[in-house]
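One structure below.
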Amino acid sequence: MHGWLAAKKMNIASLGEFQDMGECKQCNHLLNKFPDDQILIENDEYVSFLNGYIHNKADYNRGTSMDWPTAFSRALQQDVGECIKKLRGGFCGYFYDKRADIVILYTDQSVVKPVYYYMDGDKWMLSDRMDYMVEVLKANQISYDFNPLAAKYMLTYGYMIDDSTFIKQIHRLLPGMYVCIEKGQASLTRYHMIKDEGIDVSETEAVEIIDRAFREAIRREFEKDREYGYRHLVDLSGGLDSRMVSWVAHEMGYTDQVNVTYSRMGYRDEKISKQIAAYLGHEYVFKPLDDVKWMYDIEETTSLNNGSALYSGITGGARMLALLRTEQFGIEHTGMIGDLVVGSLYHDKAFSYGAPVFGKNAYSGMLQYQFDEALLKGYPCQEMFGIYTRGMLGAASSYIIRQNFVETSSPFMDVDFLDATFSVPFDYRNHHHIYMKWIHEKYPKAAEFGWEKWGGVRPKENLIFARKIKTTQRLFIQAACTAFHIQNKDNMNPLDYWYDKNRDLQKFYEEFYKNGINTQILDEELRKDISMMFQTGNVTDKGMALTVLAMIKKYF
């Protein structure tokens, strides 16, 4: 497992070799893909650490004789918020002022790089790995408590929607935020929030805004690979998001791509992605998921993703990366959250721009919990609440796993692309209108391949009627399957179908459940809820229940 941990007044020797910087100590097991971007400075005044990759290092030392690490660290000293606000890339880090005894922990605007913190009096601990933090707590004989709120988030949303973890005393730093820890108190500051305010532009101007910002985001990502001599690892499916990443990058000259796909064998994701990769002349790797071996990886996955989301969310992604020679790649380029950004998360404008509410974007509606509405006040509207929680904290949680093999990025999560795209009027984004117009006007050949979401119909507005016919056919088949108790395989990952056909997997799930459900850590209400979800829910519901039990087994 790759990661890092820093702590003050705590013994971290159990993690292996560490750097002793007085009261502050640090252990590094870094992936180290981009070593010249990383920072670790320690002197009499401060400790400055940054992990990840940076696109605009020159903005900090331009016109000075200082190197990048020193220039950035000095800028942090002068104005933390402004310094991090102009930083571009996927990063997290901290700055410890030894003389003032203050530590500042930060993460990037889209939380590409996760980070967590713990504090107790004059002790603190920072890390990107929960496993490391729990190991240090145990080694220092410090007690910690199960967080039932995290379990309730997992049993409904399938991911955390605030800074919660399964341990009450450990918190995750949310996107676009930094925390200042001083004298046992944590002060949180938001230094960036996406602007969700449509401006008055024509559709033609909107296409130009999107295209210009997207190409710049692509340039940043793929140039970082080139800077270090890496090949380009690019996800590809039957959807639009990863297609546009691969396609636009290819048109911009980044042609040394290896496209990777994983889905049910023979499904549209495999067929369409193969056609696109062949047309572009890219190397192509496909991993079928039908063997369902990844569905057994409950403990491994929850460990790798810090219990941040439903264990099965990444499906076969981790096993795919484990099979590759990932030393030849720097970044895994994904289309993460593109559909939510260039399209629209909700199709009702008043609802999207209205006050945030709970209950949307949940994986399961079996349980109804009441959550603290103060959480909602941190977001200007429902759309932003959905983008930050469902998108960055939910879908993008797979990045935490992937970062054990490669760094990760998506041009759709680029901070400047996000601000540019959300300046496009909602009515343009609604129902993928501007998305398809952008493709049609700028990359028309990319629209000649089917769209998985439309049942294989090409993503063109003049084919919407054909898409409606296809959708009606799919709904009819789904209804027939339900009526005759037949599992519908018309899905990239037909979990219920695979589960019902595999008695060994059923036994594994049942055994895992039986071994965990009677733990004394659970109160009777949660035990009853988990039991009900596992016994009566579908495979996704069962997976959510088992994710909670896996976290309890691991840490308690």
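Only one entry in 111, 47 is open to solvent by less than 10 Å² (accessible area, probe 1.4 Å), more than 25 Å from residue 395 (Cα to Cα) and aliphatic (A, V, I, L, M), namely 47.
Scanning segment 491-504 for any residue that is in contact with a Phe, Trp or Tyr (Cβ under 8 Å, 6 or more places away or on another chain) and modelled with pLDDT of 60 or more turns up at least one such residue.
Comparison of 342, 357 shows that the only residue that is out of contact with any Cys (no Cβ under 7 Å at 6 or more places or on another chain), modelled with pLDDT of 95 or more and surrounded by 13 or more Cβ atoms within 10 Å (Cβ to Cβ) is 342. Cβ separations smaller than 8 Å between residues 6+ apart or across chains give the following pairs from segment 13-35 residues that are under 13 Å from residue 129 (Cβ atoms) and among the aliphatic types (A, V, I, L, M) to residues that are open to solvent by 40 Å² or more (accessible area, probe 1.4 Å) and part of a strand (DSSP E or B): 15/29.
For segment 285-306, a residue qualifies if it is within 14 Å of residue 402 (Cα to Cα), of a type outside the set (Val, Ile, Thr) and buried (at least 17 other Cβ atoms within 10 Å of the Cβ), and the qualifying residues are 303, 304, 305, 306.
Residues of segment 363-411 that are more than 18 Å from residue 162 (Cβ to Cβ) and touching a strand residue (DSSP E or B) at 6+ places or on another chain (Cβ under 6 Å): 399, 402, 406, 407, 408, 409.
Please work out if residue 22 is under 26 Å from residue 181 (Cβ atoms), touching a strand residue (DSSP E or B) at 6+ places or on another chain (Cβ under 7 Å) and either buried (at least 21 other Cβ atoms within 10 Å of the Cβ) or not basic (Lys, Arg) (or both). Criteria not met by residue 22. With a requirement of 2 or more residues that are more than 26 Å from the chain's Cα centre (by Cα), the strands (runs of 3 or more DSSP E) lying completely within segment 1-103 that satisfy it span 19-21, 24-29, 39-42, 46-54, 89-97.
Criterion applied to 164, 187 was being of a type in the set (Gly, Ala, Ser), in a loop (DSSP other than H, G, I, E, B) and either touching a Ser or Thr at 6+ places or on another chain (Cβ under 9 Å) or free of Cβ contacts under 8 Å to residues at least 60 places away in the same chain (or both), and the one residue passing it is 164. On the given criteria, is residue 241 touching a residue at least 60 places away in the same chain (Cβ under 8 Å) and not basic (Lys, Arg)? Answer is yes for this residue. Residue count for segment 121-146 satisfying the condition of being exposed (fewer than 15 other Cβ atoms within 10 Å of the Cβ) and either in a strand (DSSP E or B) or touching a Phe, Trp or Tyr at 6+ places or on another chain (Cβ under 6 Å) (or both): 0.
The values are calculated or read from the model by the stated rules, or taken from the named source; none is laboratory data. Remember, predicted model here, so these are calculated numbers, not experimental data. Using ideal geometry, Cβ is built from the backbone for each residue, glycine included, and neighbour counts are taken over all protein chains shown. These accessible areas exclude ligands, DNA and RNA; they are computed on the full protein's heavy atoms, side chains included. Shrake-Rupley method; radii C 1.70, N 1.55, O 1.52, S 1.80 Å.
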